[in-house]
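Asks: The structure follows.
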Amino acid sequence: MLADVQRRPWRDGLGLALVVFIMLLGGILAYHAGVHQHIGIGDGPDAGYDKPYLQGFNADPEMIAGGKIGFRWAFGDATIRLPGLGRSSYLFVMQLAAGRPQPTTSHWQLAGQSLVNVPIQQRPRRYTLLLPQGTDDLHLQMMTPSFHAGSDRRELALAVDWLDVQSVGAPIPALRELGGCALIIGLLYGLLRWWHLPVLPTVLLVSGVALGLAALLVWYRLALTIATSRWLLLIVAAYPLFWLVRWCLVHLAIRLVPRAVGQAHAIAALVVLAWLIRVLALLHPQAITSDAGFHAHNLANLAAGRVIFTEDLPARAGGGKAPYPPGGYITLLPAALLLPPDPLMAVGSALIDSLVIGGLWLLCALVGLTPPAALFAGGLYLFAAPALRSLSIGEMANVWAQALTVPFAVALLGWHNGRVGSVALVAWAAVALLGHFGVFLSLLAFGGIYAIMLVLARERFAPKLIGLLGLAALIAVLLYYLVWTGIILKRIPTGPADTAQLPIGPVRPTIAISIRLIWQQLRGLGDLRDIGLLPALLGLGGLGLLWRRERSLARLEAAWWLAGLLSLAPLLWSFQPLRWQLWLFGAAALCGGVALGTCWKRGLVGRGVSLTLLLLWAARVMPLWVIQIASFRH
């Protein structure tokens, strides 16, 4: 699929001109469609996606009228900036209140020019203005006399609930925004050509991205315009990142599977593409989560030498505290010398999850599977829906821990093939066991089931492997988990009396709930937490093919699947099981890649079927991913 082709400058120039033209034409048409944007400034305690558009507002929303109406305090000099809307007259509606016993007057300016004095009443009311044509950005400044509410020392001025903006007529396109989108398209085109993708597929893919950006300008204009400058920087950063990832994969291949060195270029391209899909969303200004700050704080603590962390679990998970192992933070710690903790959590977490594609490639290469199997496995993992959802809501530790499972599997298979030493296996297994407490249990099940399979297959090295895995588990327990013995024991139900106090009910209804849960998340992609029926069926089919051809990898995959099913056991005492969807998706992607790779070798029809299935999966996930970020609330 990715081939090194002879470059012809005139073809590259023509292709680049074509995709830029499509972007500019699509952007102009999108602006002529007008715009209607609603921003819920005070939509309860989980609101936050409005923050990038506000200056001079209180950090957190508050509630009035018995908790039924949410609002955010504006200070004496507050500004609402909506970038890239285009030049037009706008119907501007805002619900706000004076927030004080007497009415007040607020002086509003548009783009620095005096606009109107607005009398603001005590109770929430809607205020409607027809804003004259200004600049590409809607820049509304509200200057209001401030006051102190009782003992509150903040300089409060207005209580703002929501705003609604609708263009009157077709806006004149924002040239800065169109130029930014054209630069994004040009950089992406150059990146794909650097990855040796032929001109025609590059033009088709980048044209699809251009049409997607034009669609965002129609339906989610602010979600695009607020992020364009960041996206430009991230796509530029993808160029050196590709060089670094390729260098690492080449040297890993030289050590583990020298015959696969030539495939490292294509796999590095998939890794960086996956990183872009993830990081462009995670560093979107609307992607604000309290969990990101939590992880940044833990990373700073680890750098200071503090390694003992706990987390308060939600009620549906049984409540109380649970250990929070530092495996992911240890992985990210060297990069803390280069980036501040907050952006590092997004950039690093996206890269750790994307590198799973490299691990899937190594698993395929270790048993001699053909390149299409690894490429399709990586292609499926590009759109790993459960990982995307966990990243978007700040569940970084789950993503890190599940990602550490893949190199653990590589170490197991490499040790089996004589490519990985015993010390390296024990060391990596111990690090993987420190990724997350829930994944610690899944990894124990994974290693145990794999060892049992080797014993049943009468592999002579099975006892040695059991000893090495036991040593790794002992190291993890002695170095970390032993500290948490009391907390861990409290979380285990000891009898009917304890079970009755848990928020789930009897065992029989729990099993029924579990079966319904599994079916709901396998039959289709209701949201990003689901695996989806297509990867599940492809994964099971690929597992059957592996069992016939490569029994060593098939045993590893079967243990991976069975450990995922065992991860549902916490449903017996909690509404929140381990992240079995995230755990299983890596196994499903690998086996699904085997199935699609086998189909790819069946001639022209087989190639068409393989590409169609991959594109169907991408088309199912990407709109949900875009909506998740564009309408982000957490």
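The values are calculated or read from the model by the stated rules, or taken from the named source; none is laboratory data. Just so we're clear, the structure is a prediction, and the values are computed from it rather than from any experiment. Heads up, the Cβs are rebuilt from the backbone with ideal geometry, glycines too, and the neighbour counts pull from every protein chain shown. Side chains included, ligands, DNA and RNA excluded: accessible areas come from the protein's heavy atoms. Shrake-Rupley method; radii C 1.70, N 1.55, O 1.52, S 1.80 Å.
Asks: Please compute the length gained on full extension between L537 and S89, using 0.36 nm multiplied by the number of residues separating them and subtracting their Cα-Cα distance.
Replies: Roughly 156.0 nm would be gained on extension.
Asks: Which of rounded, prolate or oblate describes the stretch 368-449 when judged by the alpha-carbon gyration tensor and an a/c cut-off of 1.5?
Replies: It comes out oblate by the Cα gyration axes.
Asks: 5 Å is the cut-off here: which amide hydrogens, built 1.01 Å from N in the peptide plane, fall below it relative to L85, excluding neighbours closer than 5 in sequence?
Replies: L138
Asks: Evaluate E = 1/(1 + (r/R0)^6) for L482 and N417, where r is the Cβ-Cβ distance and R0 equals 25 Å; express this FRET efficiency to the nearest 0.05.
Replies: 0.15
Asks: Compute the distance in nm between two label points, each set 7 Å from the Cα along the Cα-to-Cβ direction, one at S151 and one at A335.
Replies: 4.5
Asks: At 0.36 nm per residue, minus the direct Cα-Cα distance, what do A424 and R81 gain on full extension? Give it in nm, one decimal, please.
Replies: Here the answer is 118.1 nm.
Asks: Which shape class, rounded, prolate or oblate, goes with the stretch 409-450 when its Cα gyration tensor gives a ≥ b ≥ c as root eigenvalues, a/c under 1.5 marks rounded, and past that a/b bigger than b/c marks prolate?
Replies: oblate
Asks: If R₀ is 25 angstrom, what is the calculated FRET efficiency for the pair D342 and V307, using the beta carbon separation as r and rounding to 0.05?
Replies: 0.75
Asks: Additional query: Tell me, in nm to one decimal, what length is gained between H38 and R126 on full extension, where the rule is 0.36 nm per residue of separation less the Cα-Cα distance?
Replies: Gain on extension, H38 to R126, equals 30.3 nm.
Asks: In nanometres, what is the gap between the two model label sites at A111 and L456, each 7 Å from Cα along Cα-to-Cβ?
Replies: 7.2
Asks: Right, another one. Ordering S146, S229 by how much accessible area each has at a 1.4 Å probe, largest first, what is the list?
Replies: S229, S146
Asks: So how do E177, E395, E62 rank on accessible area, 1.4 Å probe, biggest first, that is with the largest at the start?
Replies: I get E62, E395, E177, largest accessible area first.
Asks: Taking 7 Å along the Cα-to-C-beta vector as the label spot, tell me the A300-W10 distance in nanometres, rounded to one decimal.
Replies: 5.9
Asks: First compute the accessible area of the stretch 206-263 with a 1.4 Å probe, then give the percent of it belonging to carbon and sulfur atoms.
Replies: 75
Asks: Go through F75, F440 and list them by solvent-accessible area, largest first, probe radius 1.4 Å.
Replies: The most accessible residue leads, giving F75, F440.
Asks: Ignoring ligands, DNA and RNA, please state the percent of accessible area on the stretch 311-440 from carbon and sulfur, probe 1.4 Å.
Replies: 70
Asks: Per residue, what accessible area does the stretch 109-216 have, given a 1.4 Å probe and all protein chains present, in Å²?
Replies: 47
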